[in-house]
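Colleague: Dropping the structure in here first, questions after.
The values are calculated or read from the model by the stated rules, or taken from the named source; none is laboratory data. What you see is a predicted model; the values in this text were computed from it and never measured. Backbone-built Cβ (ideal geometry, glycine too); neighbour counts: all protein chains shown. The protein model used for the area step is the full one, side chains on, heavy atoms only, and it has no ligands, DNA or RNA in it. Shrake-Rupley method; radii C 1.70, N 1.55, O 1.52, S 1.80 Å.
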Amino acid sequence: AAIAGDLACAESMFALKTWLAKLGSPHLDCRQDGAKLDPACRAGYLFNTTIAGIERADACLLIGTNPRREAPIVNARLRKRWLMGGFTVGMIGEAADLTYRTEPLGPGPEELKAVAEAKHPFAKTLAKAKAPMLVVGQGALARPDGGAVLALARQIAESCGLIKAEGNWNGFNVLHTAASRVGGLDLGFVPGPNGRDAGAIVAGADTTDILFLLGADEVDTGRLGSAFVVYIGHHGDAGAARADVILPGAAYTEKDATYVNTEGRVQRTRRAVFPPGEAREDWAIVRALAEACGVRLPFDRLADVRAQLAAANPVFAALDTVQAASWGAFGAPGEVGAAPFRSPVRDFYRTDVISRASPTMAECAAVFSGNASGLTGTHG
């Protein structure tokens, strides 16, 4: 089985998926936080309005997200639109100061359901708007009822006129907090038929022969039981601490790599420095390891991997552009729980393996978040 972490590039996920397919394993997932994102419909997991498109909107519903913590650039654009006037923002979830006025609608799923069923006044606000939008965050999706929450958000988009053919407007948006997530969904790094998702892989680790953690450091490594864990990554975080074998990979600054942002825009990094020591680019590690295990993968160069990526999904061939995604069915209709939505970002200064390895970010967490334990041993 394999779980991809939040900083995994498209090339490494594609290489690992290709190897698992040759091994006949359907157990893989790029949603290590358990987010109930539906890979069946691309419009159901993109920020379809685009970041620049926020300036066209005249009403917005935020669902289980604190964009000031999760995506400050998106939040700055929302504030810019609010300062222009004529922009109403409703918020379902934790109360927060987003630097612009919001209308608190309630803490969680019940209020979302009321809007979806047109039993809440904010449903009329969206329906009357010329260009309404909503933003659903990972705090609303990474929970057991996340599929039902996603289905309710789609219901709001359809019933309140957020999808308009005239004017080419799609106001349905998912805000991602993982750099790898959209790329992983685009290339299908999700369970195959009868495959286990990330939660089931962790829960059933004792029945797993080998578990690959591709920079996956946010899973509960204490539940991995007797699984033989192979970790490919950098910065020696939780996944490396549990691993039986560590294969040092490259950070995004140390390789030429492809990522897809929250809008669905394909972007590439350029190597600024070489990986230290014996570290290598992740896709090359996977290819060499597979060959050592008797499986020949059909690529030898980065260009080969990228050509096959584009063949598997043409979006990877269109760099730095946003392609409109077709609307369709997604989500899993069902009952929602009563627990309020919470932003997934609890420590703004340490959200990934790189920032958690930084003494400076530890000091920021201690000083600005009141977390005295944030100071590392190197900072007294």
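Colleague: Counting only protein chains, not ligands or nucleic acids, how are Thr65, Thr88, Thr221 ordered by accessible area (probe 1.4 Å), most first?
Modeller: Ranked list, largest accessible area first: Thr88, Thr221, Thr65.
Colleague: Scan around Phe212 for amide H atoms under 5 Å from its own, H built in the peptide plane at 1.01 Å from N, and keep only partners 5 or more places away or cross-chain.
Modeller: Those qualifying (amide H under 5 Å, at least 5 residues apart or on another chain) are Ala2, Ile3, Val230.
Colleague: Take Ile156, Ile354, Ile51 and sort them by solvent-accessible surface of the protein heavy atoms, 1.4 Å probe, largest at the top.
Modeller: Ile354, Ile51, Ile156
Colleague: Using a Gaussian network model on the chain with a 10 Å cutoff between Cα atoms, which of Val135, Val260, Val74 fluctuates the most?
Modeller: Maximum among the listed residues: Val74.
Colleague: In whole percent, and with a 1.4 Å probe on the protein chains, what portion of the accessible area of segment 169-260 is carbon and sulfur?
Modeller: 50 percent
Colleague: Let me ask something else. Once you compute Rg and the Kirkwood Rh from C-alpha atoms, what is the Rg to Rh ratio for segment 1-103?
Modeller: Reported Rg/Rh (Cα atoms, Kirkwood Rh): 1.11.
Colleague: With each label point set 7 Å from Cα along the Cα-Cβ vector, what nm distance links Glu291 and Glu110?
Modeller: With each label placed 7 Å out from Cα toward Cβ, I get 6.1 nm.
Colleague: I've got another one for you. Using a simple spin-label model with points 7 Å from Cα along the Cα→Cβ vector, what separation in nm is obtained for Ala310 and Ala165?
Modeller: 3.3 nm
Colleague: Compute the accessible area per residue over the chain, keeping the other protein chains in place, probe 1.4 Å, unit Å².
Modeller: Accessible surface, normalised per residue, equals 43 Å².
Colleague: Give the cross-link partners of Lys119 among the aspartates and glutamates, using a straight C-alpha distance below 12 Å as the criterion and excluding same-chain residues fewer than 8 apart.
Modeller: Glu110, Glu111
Colleague: Label 7 Å along Cα→Cβ of Glu335; segment 139-153 residues with amide nitrogen under 14 Å?
Modeller: Within reach of a label on Glu335: 145, 148.
Colleague: Output the pairs from Lys36/Lys113; Lys80/Lys124; Lys124/Lys164 with a Cα-Cα distance over 20 Å in this structure; if there are none, say none.
Modeller: Those over the limit are Lys80/Lys124.
Colleague: DSSP loop trypsin sites (Lys or Arg not before Pro) in segment 23-111 with at most 12 other Cβ atoms within 10 Å of their Cβ, which ones?
Modeller: Filter output for segment 23-111: Arg101.
Colleague: Let me ask another. Give the percent of DSSP beta bridges with both residues in segment 157-263 that are antiparallel, rounded to the nearest 5.
Modeller: If we restrict to bridges inside segment 157-263, about 20 percent are antiparallel.
Colleague: Fully extended, how many nm does the chain gain between Cys41 and Gln323 (0.36 nm per residue separation, minus their Cα-Cα distance)?
Modeller: Value of the extension gain: 100.2 nm.
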